[in-house]
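The values are calculated or read from the model by the stated rules, or taken from the named source; none is laboratory data. Predicted, not measured: the structure shown is a model, and the values here were computed from it. Glycine also receives a Cβ, built like all others from the backbone with ideal geometry; neighbour counts cover every protein chain displayed.
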Amino acid sequence: MVPAGYLAKRVETDTSWLANDQVDDIYSLSNCISDNFGDYTGFWKHNNYWLFNSPATIRALAEEAGFDLAGTKLFYYEVFEQQYHDTGLWQTFTAENSLHTSVEVPATKQLEGFDIVTFSLGPVPECSCLSCNYMAETVPVNCHCLLETFDTAFTLLSQDVFKGCEPGPYRIFAVYSVNEKKEG
């Protein structure tokens with residue numbers, strides 16, 4: 001897994017639309033259900049993974065842009081070095097190299113699970129197959145609508161369980177919560 005960066009999100013706790021009583025909230029990387037802290041792309045402070053190199057970068061951008069971080073939760077992400085294609089092949093990918101990526105790995109982090117994210121438009125994270133495409137109704141997920149293990153994510157993708165959810169390729173992200181008080 002490769003350090004991909006940080007993102008502050010407004011975690012959605014209304015999961016009544018999802019037919020899975022196990023799910024309490026949505027920790028997906030996708031912006032579809034749990035909103036990002038703001039529309040940050042136009043400021044070009046993000047890295048090659050369209051995330052942030054440090055919590056400090058998020059705080060500085062929020063101050064500059066007037067984004068309110070109250071009510072957000074800080075996440076740290078790592079990404080598997082290969083992506084799965086609709087053709088049934090795993091292929092190594094490299095992040096877009098036009099932006100500066102130097103992710104500060106957090107001193108402490110809590111693994112929450114693994115997300116399957118689509119990337120049909122290039123480097124920008126799109127939909128989570130688990131939440132956006134309701135696959136959490138058919139595959140076992142934890143209370144944050146994430147897969148428990150990397151092996152489960154890899155196996156489900158390799159078995160084409162997510163075929164037809166969204167256009168691929170698909171990438172596996174480890175999702176960590178981070179204590180904001182302790183991180184730069």
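Out of all the residues in segment 140-162, is one or more in a helix (DSSP H, G or I), under 17 Å from PRO3 (Cβ atoms) and either touching a residue at least 60 places away in the same chain (Cβ under 8 Å) or among the aliphatic types (A, V, I, L, M) (or both)?
Yes: segment 140-162 contains one or more residues that are in a helix (DSSP H, G or I), under 17 Å from PRO3 (Cβ atoms) and either touching a residue at least 60 places away in the same chain (Cβ under 8 Å) or among the aliphatic types (A, V, I, L, M) (or both).
Out of all the residues in segment 48-98, which are surrounded by 14 or more Cβ atoms within 10 Å (Cβ to Cβ), of a type in the set (S, T, N, Q) and within 19 Å of CYS129 (Cα to Cα)?
Passing the criteria: GLN82, GLN83.
Hey, could you check segment 20-40 for residues that are of a type in the set (A, V, I, L, M, F, W, C) and in a loop (DSSP other than H, G, I, E, B) and say which is farthest from LEU7 (Cα to Cα)?
Result: VAL23.
Could you please let me know if LEU156 is hydrophobic (A, V, I, L, M, F, W, C), more than 30 Å from SER54 (Cβ to Cβ), buried (at least 21 other Cβ atoms within 10 Å of the Cβ) and within 18 Å of the chain's Cα centre (by Cα)?
Yes.
Counting only residues that are among the β-branched types (Val, Ile, Thr) and modelled with pLDDT under 90, which one in segment 80-113 is farthest from the chain's Cα centre (by Cα)?
The selected residue is THR87.
How many residues are part of a loop (DSSP other than H, G, I, E, B) and closer than 17 Å to GLN91 by Cα when one looks only at segment 163-184?
Total satisfying the criteria: 4.
Can you find even one residue in segment 103-125 that is assigned to a strand (DSSP E or B), out of contact with any Asp or Glu (no Cβ under 8 Å at 6 or more places or on another chain) and without any contact (Cβ under 8 Å) to a residue 60 or more places away in the chain?
Within segment 103-125 (the criterion being assigned to a strand (DSSP E or B), out of contact with any Asp or Glu (no Cβ under 8 Å at 6 or more places or on another chain) and without any contact (Cβ under 8 Å) to a residue 60 or more places away in the chain), the answer is yes, since at least one residue qualifies.
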